[in-house]
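Student: Sharing a structure below in structure tokens format, with a few things to ask.
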Amino acid sequence: MKNNVTISILVTCILCSCRNISKETNKETNNGTVDSTTRRGTVTGRPINTGDRLKISGDFDGDGIIDTVYESYISSLTGRETYKTMDSTDIERNMELTIANKPEARIYSTINLADTFTLTKEAQQSGIFGFENLGDLNNEKGDELGYIIDWTDFSNMNSYHILTMSKDKKWKELFNFPINESVNFEDENLFKNKSLILKEGNGIIKYKFYSDTASVEEGRTNLNK
Ligand SMILES: [Ca+2]
Ligand SMILES: [Ca+2]
């Protein structure tokens, strides 16, 4: 009996010290300065939520068949899909860890022969938002798409980007304009279709941009020029 008690005390002590060790390891991994090997080793305990990746459908290459375009968010350290949120409780630490993870925001699609396209390799971002099919804006077969980079910063200044797929199946940027992440999305600053963009026809669009004088203004451009 005495032996049993001694053994169970021993086991409890061992378990306790294990727990302490793993807590310490976790603490260390939350430090933005640890090397990538350590961080990768422990962060893998958390499943990657690729459910937070966006996707849109439309006919982007203009062949009459509906395509799907997917967001991809990888760490260039591993070349694999990675976490958009590194620390959900501490914004500044999340920013440091995100930068240390060297992420790349990309898109890929079901379109045959179309390569994965890098939207940005700048590290201080958590992918994209406002990912949408804009319809055929330039009157060249195929829908255009829009997106905004989700910068991991404290600024509301941003840009809205319009991409099109060229005939040789390469994504290229048609146009971009400055926006304010909060003000631009207030109802009165959107077109009636609740979008930042309104197609006028013949490749001409109107768009709502955030100007140097800190107000939302209306612009117009010909996407075919
Ligand atoms: Ca298609
Ligand atoms: Ca088009």
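The values are calculated or read from the model by the stated rules, or taken from the named source; none is laboratory data. Because the structure is predicted, anything quoted here is derived from the model rather than measured. Because the Cβ atoms are built from the backbone with ideal geometry, glycine has one as well, and the counts that use them run over all protein chains shown.
Student: Picking from Asp143, Asp150, which residue would you name as being away from ligand 2 (no atom under 16 Å from the Cβ), surrounded by 12 or more Cβ atoms within 10 Å (Cβ to Cβ) and of a type in the set (D, E, K, R)? Can you show your working first?
Tutor: Numbers: Asp143 fails: away from ligand 2 (no atom under 16 Å from the Cβ).
Testing whether each residue is away from ligand 2 (no atom under 16 Å from the Cβ), surrounded by 12 or more Cβ atoms within 10 Å (Cβ to Cβ) and of a type in the set (D, E, K, R) leaves just Asp150.
Student: Starting from residues that are surrounded by fewer than 19 Cβ atoms within 10 Å (Cβ to Cβ) and hydrophobic (A, V, I, L, M, F, W, C), keep the ones in segment 96-129 and report whichever is nearest to ligand 1 (Cβ to nearest atom).
Tutor: It comes out as Leu113.
Student: Starting from segment 97-117, keep only residues that are among the acidic types (Asp, Glu), then list their pairs with residues that are surrounded by fewer than 17 Cβ atoms within 10 Å (Cβ to Cβ) and part of a strand (DSSP E or B) whose Cβ atoms are within a distance under 9 Å, requiring at least 6 positions of separation or different chains.
Tutor: Qualifying pairs under 9 Å: Glu104/Thr118; Glu104/Thr120; Asp115/Tyr108.
Student: (1) at pLDDT below 95; (2) within 16 Å of ligand 2 (Cβ to nearest atom): which one isn't true of Ile56, the others all being true?
Tutor: Answer for Ile56: the failing condition is (1).
Student: Return the pairs, sorted by first residue and then second, in which the second residue is within 7 Å of ligand 1 (Cβ to nearest atom), the first residue lies in segment 56-71 and is free of Cβ contacts under 8 Å to residues at least 40 places away in the same chain, the beta carbons are less than 8 Å apart, and the residues are 6+ apart or on different chains.
Tutor: What qualifies is Ile65/Asp59; Ile66/Asp59.
Student: Still on this model: Looking at Ser126, Ser76, Ser72, Ser109, which is the one that is out of contact with any Asp or Glu (no Cβ under 6 Å at 6 or more places or on another chain), modelled with pLDDT of 95 or more and among the polar types (S, T, N, Q)?
Tutor: Criteria check complete, one pass: Ser72.
Student: Identify, from the list Lys208, Lys192, Lys199, the residue that is over 26 Å from Lys84 (Cβ atoms), within 16 Å of ligand 2 (Cβ to nearest atom) and over 17 Å from the mean Cα position of the chain (by Cα).
Tutor: Lys199
Student: Would you say Lys84 is within 16 Å of ligand 2 (Cβ to nearest atom) and basic (Lys, Arg)?
Tutor: Criteria not met by Lys84.
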